[in-house]
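Here is the structure we will look at, set down as structure tokens.
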Amino acid sequence: MARILVIEDNELNRDMLARRLARRGFEVLLAIDGRIGLDKAAQAAPDLILMDMSLPELDGWEATRRLKAGPATRHIPVIALTAHAFAADRAKALEAGCDEFETKPVDFARLLEKIGGLLPESDS
Amino acid sequence: MKALRRFRQLLRRSVTTRALVSSLVLLGVSALFLIASFLATQRKSSQEQLELRALALADFIAKQAQFPLLVGDRSELSRIADGALSNRDVAYLEISGADSVLIQAGREDRKAAFGQRPAGPAGTAGSDFRIVSPDLLEVRRLVRPPTRGRLLDWETGASSEAPLGLVRMGFSMREQQAALRSTLLWGSVAIGLGVCVILSVQYLQLVHLLHPLKTLMRFTDTVGSGDLSQRARVDREDEIGHLAAAFNRMVTRLGETTVSKDYVDNIIQSMGESLIVVDASMVICTVNRATLALLRCEAGDLLGQPVSVVAGDSTGGAVQSGVERVYRARNGQEMPVLFSSGVLHGPSGEVQGYVWLAQDMTERKRVDEERNRAREAAEQASRAKSTFLANMSHELRTPLNAVIGYSQMLMEDCGPEAEAMRQDLEKIERAGQMLLGLINDVLDISKIEAGKMDVDLQPFEVSPVVRDVVNAVQPLARQRANRIRVRCPEEDPVAYADVAKFRQSLLNLVNNACKFTESGTISVDLSRTTQAGRDWLVVKVADTGIGISPDQLARLFQPFSQVDGSATRKYGGSGLGLAISRKFHQMMGGDITVESTPGRGSVFTAWVPAAPPAEKAGGEARKREDAWRESS
């Protein structure tokens, strides 16, 4: 069962994502800000990270950069979730190291596809 | 020596004096020469005459004394002597016999001569002229016996030639000398008068000649001080007259050319720029009115001052152009100016000074500052707008995400037994989606109108996008019983545009087509064409729907103009879709056009560039350039 770490500061979004992913069979870990997210990523070794870009404490770009820099976490695929859909944001996300990019409001079906594409072996 | 120097100065200074002096010298020398030669000749001739007379008289006396001497008639001799002395010129007379003086007669004052032996040189036999004293000539004549008939000496009986006696007569030269003296005097007087007359005449002539020159000099001064209206009087035909005429011509020409002082002065004072002329030691020597206005001072405050009182430093001793400088006004205020300078050269190339030209820039600077401030304010407002839009975007979408997301989630939870609930949830979700759509449209149009909408032009394959859109519209199409048909050219068409915007506008067009068509066909045709030097992808979305009337067509692409009020209520939509779509296409370099027949259907044509513009054109140009260079 794949473990997904959701780093999102908005309560509603976090709740929605967590429950829907859980229903799909994923093990969901939650973090409410960038710093906690980094810690959890290092500790719990998730298989994928869904990163909201606009976070308090440490924003999504910086967090992604650090994840990709850390030896324990660099291999974890990261999908950036952002409310802005500008090409600049897409470029910025990819530059920071994100593997994928999704705009909010999240099209859940599409998100699932992308998750499936990034997981090493998808069991579900 | 000093007198000599002063005299020479006088000569140098006055033509008249020089002429007169030279005339005087000439005349004087001539006169002297004349008088000398005249006197010499006169003296010679009168001397000769005197001698002749003396001789004649002596001869006469000697002749007369022949017989008395012979007979020794003393009284006769005395009578002869008296007779001789009655002649004014005779000073004394001595008749001596063979060995003794017989008669001596003379005027009182001359009697002293008797004792003297003659001092002068002896003369020839028979006559003797001796200058005894300065005014006395002595004549000696031997008295010979009469030549006619020889005397017979009764006693001896021999004839002799021996002289009987000697006549010695003193002849006064006084009168002659006096005459000479008088001649000299009157001659001198005459010549002196003559010289005076000549000199006077000459003086008058010179004055007459030079007077016009003096007038011309005065006239020159008048012209020199700038008055070009005067003309010299030409009332002579000689060289002076010609000079005056030539002068007049020169003055006329001066007046005609623009180099006249008044004209140049006028220019300098009328010019709007400040003009300062400094001499070689950077001291101000000329300023114009514009300078005084700029620096708010009087000419007296600047003339003679070093130019550093105006410009802080003394640079400006070279040729400069268009430099920004600061002049200091009288009250210390700093005036920004646009500065240029040039070098004044003298006739032999030496630096005489510098010309400073300055243009008041305060106004321009003020305008610049205002413009800067306005720009900053505008930029600030722009930044505020961007921030607002960005925030709005985020703030509005976040709660909607929750509405949509939760309803979707709940719908997933619903089992078959909760079908009614599922349908209610679906309504919520749909409402949420609609609201999201409206918010997106409003935000889009706001961004576009704020000029904050950016385009990200990339090349991309069109077919996948078209497929996505058609899939997305399927539910609505099925609902309206419409058929969607897509026609694509053989090769995969590529467009150079903003993918998201292309997708959005295509979705909008196809959605509209479905909305306003029932049980009809919606066709999406892709084709390529070249027009106006560019390659285009042409997307035609045609429907067999209700169509659009002409006046609706006119307002079609304007925001909030919905074709049909009822359509909105039926199908939703913000009325912004077409306006946004068209704007998107225009931003990408193309456009959307429409044709429609009410009742038959509509065709929306979207033009999308197939390739980047500049590169293409640039490439062509560069290729042409290279060919040219290679051929030449």
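The values are calculated or read from the model by the stated rules, or taken from the named source; none is laboratory data. Remember, it's a predicted structure, so these values are computed and weren't measured experimentally. Glycine gets a Cβ as well: all are built from the backbone with ideal geometry, and neighbour counts include every protein chain shown.
All of B:Lys63, B:Lys44 fail the test of being farther than 30 Å from B:Leu199 by Cβ, loosely packed, with under 12 Cβ neighbours inside 10 Å and not hydroxyl-bearing (Ser, Thr, Tyr), apart from B:Lys44. State which residue is modelled with the lowest pLDDT when the search covers only the stretch A:94-124 and only residues that are crowded, with 18+ Cβ neighbours inside 10 Å and within 14 Å of chain B (Cβ to nearest Cβ). For the stretch A:94-124, the residue satisfying everything is A:Pro105.
Take the conditions within 18 Å of B:Glu94 (Cα to Cα), in a helix (DSSP H, G or I) and of a type in the set (A, V, I, L, M, F, W, C) and apply them to B:Leu57. Does it pass? It is true that B:Leu57 is within 18 Å of B:Glu94 (Cα to Cα), in a helix (DSSP H, G or I) and of a type in the set (A, V, I, L, M, F, W, C). Strands (runs of 3 or more DSSP E) fully within the stretch B:463-559 that include at least 3 residues being aliphatic (A, V, I, L, M) and closer than 22 Å to B:Lys583 by Cα: B:494-497, B:534-543. Every listed requirement among (1) surrounded by fewer than 11 Cβ atoms within 10 Å (Cβ to Cβ); (2) modelled with pLDDT under 90; (3) small (Gly, Ala, Ser) is met by B:Ala377 save one, (2).
Annotation note: Cβ proximity below 8 Å between a residue of the stretch B:452-468 that is at the interface with another protein chain (Cβ under 10 Å from one of its Cβ atoms) and a residue that is exposed (fewer than 15 other Cβ atoms within 10 Å of the Cβ) and assigned to a helix (DSSP H, G or I) (sequence gap 6+ or interchain) occurs for B:Asp454/A:Ala88; B:Asp456/A:Ala88.
Could you list all residues from the stretch B:493-513 that are closer than 18 Å to B:Asn440 by Cα, within 14 Å of chain A (Cβ to nearest Cβ) and of a type in the set (Gly, Ala, Ser)? Within the stretch B:493-513, B:Ala500 is the sole residue that qualifies.
Against the criterion of being assigned by TED's automatic domain parsing to the domain that holds B:Asp591 and farther than 23 Å from A:Val106 by Cα, B:Val469 does not qualify. Considering only the stretch B:253-309, state which residues are among the charged types (D, E, K, R) and farther than 23 Å from B:Val319 by Cβ. Of everything in the stretch B:253-309, those that are among the charged types (D, E, K, R) and farther than 23 Å from B:Val319 by Cβ turn out to be B:Arg253, B:Glu256, B:Lys261, B:Asp262, B:Asp265, B:Arg289, B:Arg296, B:Glu298, B:Asp301. When B:Leu389 is tested against the conditions (1) exposed (fewer than 11 other Cβ atoms within 10 Å of the Cβ); (2) within 14 Å of chain A (Cβ to nearest Cβ), the lone failure is (1).
Of the residues making up the stretch B:446-462, one or more are assigned to a helix (DSSP H, G or I), touching a strand residue (DSSP E or B) at 6+ places or on another chain (Cβ under 6 Å), at negative phi and among the β-branched types (Val, Ile, Thr).
The listed residues are B:Ala431, B:Ala420, and the only one of them that is loosely packed, with under 14 Cβ neighbours inside 10 Å, modelled with pLDDT of 85 or more and hydrophobic (A, V, I, L, M, F, W, C) turns out to be B:Ala420. Filtering the stretch A:69-93 to residues that are more than 10 Å from chain B (Cβ to nearest Cβ) and of a type in the set (Lys, Arg) leaves A:Arg74, A:Lys92. Annotation note: Cβ proximity below 6 Å between a residue of the stretch B:316-335 that is part of a loop (DSSP other than H, G, I, E, B) and a residue that is small (Gly, Ala, Ser) and surrounded by 13 or more Cβ atoms within 10 Å (Cβ to Cβ) (sequence gap 6+ or interchain) occurs for B:Gly316/B:Ser341; B:Val319/B:Gly342.
Which one is nearest to the other protein chains (Cβ to nearest Cβ), of the residues in the stretch A:12-35 that are surrounded by fewer than 20 Cβ atoms within 10 Å (Cβ to Cβ) and without any contact (Cβ under 8 Å) to a residue 12 or more places away in the chain? So, considering only residues that are surrounded by fewer than 20 Cβ atoms within 10 Å (Cβ to Cβ) and without any contact (Cβ under 8 Å) to a residue 12 or more places away in the chain, the one nearest to the other protein chains (Cβ to nearest Cβ) is A:Leu12.
Looking at A:Asp52, is it surrounded by 21 or more Cβ atoms within 10 Å (Cβ to Cβ), touching a residue at least 24 places away in the same chain (Cβ under 8 Å), touching a helix residue (DSSP H, G or I) at 6+ places or on another chain (Cβ under 8 Å) and within 14 Å of chain B (Cβ to nearest Cβ)? Lay out the reasoning, then the answer.
Numbers: surrounded by 21 or more Cβ atoms within 10 Å (Cβ to Cβ): yes; touching a residue at least 24 places away in the same chain (Cβ under 8 Å): yes; touching a helix residue (DSSP H, G or I) at 6+ places or on another chain (Cβ under 8 Å): yes; within 14 Å of chain B (Cβ to nearest Cβ): yes.
Yes, satisfied.
Let's see how each residue does on (1) polar (S, T, N, Q); (2) at pLDDT below 70; (3) touching a Lys or Arg at 6+ places or on another chain (Cβ under 7 Å):
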residue	(1), (2), (3)
B:Phe33	no, no, no
B:Leu39	no, no, no
B:Ala58	no, no, yes
B:Lys63	no, no, no
B:Val101	no, yes, no
B:Gly115	no, yes, no
